[in-house]
Amino acid sequence: MDRSSGELAQIAVADGRTIAPFRADGIAQGAPTFIWSAGLKSAVHVRPRSGARSSWYRAALARKAGRIVGGGTSFEVAFEPADPALAGAIDGAFRGKYAASSNLAPMISERCRKCRILPGAA
């Protein structure tokens, strides 16, 4: 497993991660926000509970890069919109990881099917 695949695997399985898109200067990070993430087909998908109006989501897509922190690790990542054709499969990955959570329903709702992250800054 190369470094990128290893980073993605760590992000996908971990809980308690925060995400912080970079600010306009490309260096400073915005405010960290706790996220839900799930891995699917060598990509990690993160979902904004507030949907497209989420401030971290809007910043992530505008800046296209940021940082994920948690579990003693920190990774620079790139952001891009999730492929709508994978929405059902991504929902399945979230169901598998968070089946016991009472917060699962909003995270697999249409408004939350938004973003994926890639290893390395854009």
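What the table shows:
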item	result
Overall Cα dimensions of the stretch 9-73 - principal axes, largest extent first, Å	30, 26, 19
Length gained when the stretch residue 98-residue 25 is fully extended (0.36 nm per residue, less Cα-Cα span)	22.8 nm
Backbone HN-Hα couplings from phi across the stretch 97-112 [Karplus 6.51/-1.76/1.60, Hz, Gly and Pro as x]	7, 10, 3, 7, 7, 6, 9, 5, 3, x, 6, 10, 7, 4, 5, 9
Residue 50-residue 73 FRET efficiency (beta carbon distance; Förster radius 35 Å; 0.05 resolution)	0.85
Equivalent-ellipsoid semi-axes of the stretch 52-101, from the Cα gyration tensor, Å, largest first	22, 17, 11
Ranked list, fewest to most other Cβ atoms within 10 Å of each Cβ, for 57, 98	98, 57
Built amide H within the under 5 Å cut-off of residue 40, gap 5+	45
Separation between Cα centres of the stretch 52-98 and the stretch 22-51, rounded to whole Å	4 Å
Long-range amide H partners of residue 30 with built H, under 5 Å	22, 23
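None of the figures in this text is laboratory data; all of them are computed from the coordinates on show. Predicted model, so just to flag it, every value in this text is computed and none were measured. Quick reminder, even Gly has a Cβ in these numbers, built from the backbone with ideal geometry, and neighbours come from all protein chains shown.
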